[in-house]
Amino acid sequence: MKIIALCIGLFISNLAMAQYDVEDRDDTPVTESNKSILKIDIKEPLFQIAAKNCSGFKAAAFEGGVTVYKETLRKFMYDYLNSDFYVLNGEFTFTLTIDEKGKVTDIVGSPKVPNSEYFYDDMKYVVRRIKKNWTPASCNGQPIASQIKIKMNLSSIATDL
């Protein structure tokens, strides 16, 4: 009889301890605690590619000037770039194509480095988020499509939190 009582007692205590382990287990997911700090230096001036065979060329202009565009671009890059997923170090050049209506129609980034397409896709999104229009370039008084080159130096610093 003592053996049966001992077996039942061990069985019940085993069930009680098993239940205790499941309830007190910490199920919070493990998160990474690192952060990437991005430093952006946009070079001035922005280079305008002039039209060939045009005697009265007038460059495209941004509403508010180059400084306003540069500061807006920098702010939007900090807001919208997903810099936690890639490391950006070095000089990058972006060529913006501006059509006859003053809209940015194409953005091309260079140089091509491993996994740079993700960064260039994010930059296309950033540039398209800027809602102000450009005043298109003109040749002899007629609006024409043009290209603007923007050079910037980027450096990423990864830190552990």
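The values are calculated or read from the model by the stated rules, or taken from the named source; none is laboratory data. Since we're looking at a predicted model, the values are computed, not measured. Cβ atoms come from the backbone with ideal geometry, glycine included; neighbour counts cover every protein chain shown.
For residues in region 119-141 being at pLDDT below 90 and not small (Gly, Ala, Ser), which is surrounded by the fewest Cβ atoms within 10 Å (Cβ to Cβ)? Let's see the steps before the verdict.
Within region 119-141, the first condition is being at pLDDT below 90, and the residues that meet it are 119, 131-133, 139-141.
Still in the running and not small (Gly, Ala, Ser): 119, 131-133, 139-140.
On the way: Phe119: 20, Lys131: 6, Lys132: 11, Asn133: 13, Cys139: 17, Asn140: 11.
Filtering first and then ranking leaves Lys131.
For Val87, only one of the following conditions fails: (1) at pLDDT below 90; (2) among the β-branched types (Val, Ile, Thr); (3) in a helix (DSSP H, G or I). What is its number?
Here Val87 clears every test but (3).
Which condition from (1) without any contact (Cβ under 8 Å) to a residue 60 or more places away in the chain; (2) within 21 Å of Gln48 (Cβ to Cβ); (3) loosely packed, with under 12 Cβ neighbours inside 10 Å; (4) basic (Lys, Arg) is the one that Lys103 breaks?
It fails just one condition, (3).
Just for region 79-112: of the residues that are among the aliphatic types (A, V, I, L, M) and out of contact with any helix residue (DSSP H, G or I) (no Cβ under 9 Å at 6 or more places or on another chain), which one is farthest from Val66 (Cα to Cα)? Working first, answer last.
Filtering region 79-112 for residues among the aliphatic types (A, V, I, L, M) gives 81, 87-88, 96, 98, 104, 107-108.
Narrowing further to those that are out of contact with any helix residue (DSSP H, G or I) (no Cβ under 9 Å at 6 or more places or on another chain): 87, 98.
Numbers: Val87: 27, Ile98: 15 Å.
Step by step, filter region 79-112, then rank; the result is Val87.
Name the residue that is surrounded by the most Cβ atoms within 10 Å (Cβ to Cβ), counting only residues in region 55-65 that are out of contact with any Leu (no Cβ under 9 Å at 6 or more places or on another chain) and in a strand (DSSP E or B).
Looking at the filtered set, the residue picked out is Lys58.
Evaluate the following for Leu96: is it modelled with pLDDT of 90 or more, assigned to a strand (DSSP E or B) and crowded, with 16+ Cβ neighbours inside 10 Å?
Values: modelled with pLDDT of 90 or more: yes; assigned to a strand (DSSP E or B): yes; crowded, with 16+ Cβ neighbours inside 10 Å: yes.
Judged against the criteria, Leu96 is a match.
Which of the residues belonging to region 99-118 are within 23 Å of Ala61 (Cβ to Cβ) and among the charged types (D, E, K, R)?
Residues of region 99-118 within 23 Å of Ala61 (Cβ to Cβ): 99-109.
If the condition is that a residue be within 23 Å of Ala61 (Cβ to Cβ) and among the charged types (D, E, K, R), then Asp99, Glu100, Lys101, Lys103, Asp106 are the ones that fit.
Name the single residue, out of those in region 15-54 being modelled with pLDDT of 70 or more and over 27 Å from Lys75 (Cβ atoms), that is surrounded by the most Cβ atoms within 10 Å (Cβ to Cβ).
Within region 15-54, the match that is surrounded by the most Cβ atoms within 10 Å (Cβ to Cβ) is Ala51.
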